[in-house]
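Bear in mind these aren't lab numbers, they're just calculated from the coordinates by the rules spelled out. No experiment lies behind these values; they were computed from the predicted model shown. In this analysis, Cβ positions are derived from the backbone assuming ideal geometry, glycine residues included, and neighbour counts consider all displayed protein chains.
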Protein chains: 2
Amino acid sequence: MLPAFEHARQLLKQLPGLGHRSAERLALHLLVERPERLAPLLDALREAAARLHRCPRCGNICESELCALCADTRRDARRLCVVEQIPDLLALERAGAHDGHYHVLHGKLSPMQGIGPAQLNLATLAQRLASGGVGELILALSNDIEGEATCHYIMDTCIAAHPGIAVTRIGFGIPSGSGLTYADPATLKNAISARRQYGAA
Amino acid sequence: MLPAFEHARQLLKQLPGLGHRSAERLALHLLVERPERLAPLLDALREAAARLHRCPRCGNICESELCALCADTRRDARRLCVVEQIPDLLALERAGAHDGHYHVLHGKLSPMQGIGPAQLNLATLAQRLASGGVGELILALSNDIEGEATCHYIMDTCIAAHPGIAVTRIGFGIPSGSGLTYADPATLKNAISARRQYGAA
């Protein structure tokens with residue numbers, strides 16, 4: 001009876017983080033309760049879609065030639081941090097955890113989901129490493145099988161030819177502010193195997 | 001550095017249920033990760049906005065002359081259920097809790113938020129009651145001060161002239177499947193004062 005409404009709700013429901021009820025709530029909000037908000041939102045999304053592109057160097061979002069991070073000469077270009085997706089980069093930036101450069105893969109290897117090396121932003125990573133200037137490659141990928149496989153692939157294909165580049169992987173273990181009681185077995189095993197000399201940096 | 005992206009994210013963040021992170025996630029999804037989803041969504045929302053209007057009788061959403069519920073002759077037009085907003089109506093319909101007609105106020109009286117009688121869909125409610133045919137008015141409004149005030153206002157303005165119409169208010173108490181331990185004091189008081197003869201219907 002409401003085909004246009006149902007269609008809009010269906011498409012909203014496909015978006016990440018939105019379920020049946022929250023998609024309905026959003027659709028009702030934009031179409032019935034606060035319809036004056038719809039046109040500005042559509043305009044803003046269309047405008048952003050027209051302006052945004054991936055930074056040709058690192059894959060971050062970008063509205064100019066290079067992204068703000070690649071263009072920032074104060075950042076340490078020798079340390080290159082590989083992340084799966086832009087939200088990971090934004091999380092590291094919010095935390096102030098890394099002041100070098102980034103490389104966004106836009107995914108991780110996942111044969112189950114049909115994601116192979118060709119689907120990832122790997123060609124430019126190899127170019128960046130080949131062009132020199134990178135002293136450390138920090139693999140900030142997920143702590144799961146796909147993340148592990150992606151690290152292995154990068155080691156085999158991008159790093160093998162550049163033995164001078166140090167490769168590190170981010171630490172795994174108990175999250176900050178959390179105790180051992182609620183940690184899952186894999187995290188506890190990670191934490192034990194990642195143990196360090198007490199008092200070390 | 002990303003003015004168009006920030007603008008889109010700001011507008012998404014104003015929508016109900018979306019916070020800073022979820023708005024960012026949605027914007028990145030639609031603008032970077034799955035940009036092919038953006039145009040169909042914008043089209044669907046624009047199309048729905050063009051087709052949808054409020055049912056002139058009850059205030060429900062509607063793509064035709066009357067909404068599906070008002071047009072359904074199998075429903076009991078004698079029982080009229082007043083709700084604050086369309087999601088309330090949809091929730092009652094999903095529950096199969098009411099098979100009469102509805103009237104959507106599109107809000108509740110709230111002097112603090114500048115919502116007075118003129119902002120609510122009250123004029124057509126008075127007309128519906130005056131035109132006869134309603135035997136029971138079910139006030140399905142929130143269990144809070146604004147809901148209470150709105151019930152009082154409807155009694156004083158819409159019902160006073162029609163003493164033949166029975167007015168009921170939905171029950172308040174312990175929700176289904178829930179115990180007393182986690183109920184707040186106001187709910188417990190409601191539940192005690194709404195006690196009924198055990199074994200009664």
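Here are some notes:
- The mean count of C-beta atoms from other chains within 10 Å of the C-beta of residues in A:66-74, rounded to a whole number, is 1.
- Order of A:Asp88, B:Asp99, A:Asp156 under a 10 Å beta carbon neighbour criterion, fewest first: A:Asp156, B:Asp99, A:Asp88
- The stretch A:45-90 versus the stretch B:44-59: alpha-carbon centroid distance in Å: 40
- Along the axis of the charge dipole computed for chain A (Cβ charges of +1 for Lys and Arg, -1 for Asp and Glu, origin at the Cα centre), the listed residues A:His53, A:Ala191, A:His106 are led at the positive end by A:Ala191.
- Convex hull volume per residue in cubic angstrom - Cα atoms of the stretch B:54-169: 101
- Exercise: per-residue mean of other protein chain Cβ atoms within 10 Å, B:46-56: 5
- Note on A:Leu66/B:Tyr198: beta-carbon distance plugged into 1/(1 + (r/R0)^6) with R0 of 51 Å gives a FRET efficiency of 0.10.
- Only aspartates and glutamates eight or more places from A:Lys189 in sequence, or on another chain, were considered; those with a Cα closer than 16 Å are A:Asp144, A:Glu148.
- Across peptide B:8-18, the average count of Cβ atoms from other chains found within 10 Å of a residue's Cβ is 6.
- Peptides ranked, highest mean first, by Cβ atoms within 10 Å: ranges B:75-83, B:105-113: B:75-83, B:105-113
- Charge sum, other residues only, whose C-beta stays under 15 Å from A:Pro163's C-beta, Lys/Arg counted +1 and Asp/Glu -1: -2
- Selection from B:Gly177, B:Thr157, B:Leu90, by position along the positive dipole direction of chain B (Cβ): B:Gly177
- Evaluated at q = 0.07, 0.12 Å⁻¹: base-10 log I(q)/I(0), Debye formula over Cα of the protein assembly as shown: -0.52, -1.03
- Taking a point 7 Å out from the Cα of A:Asn190 in the direction of its Cβ, the residues of the stretch A:139-156 whose backbone N falls within less than 15 Å of it are A:139-151.
- Net charge in the neighbourhood of B:Glu146 (other residues with Cβ under 13 Å of its Cβ; Lys, Arg +1, Asp, Glu -1) is -2.
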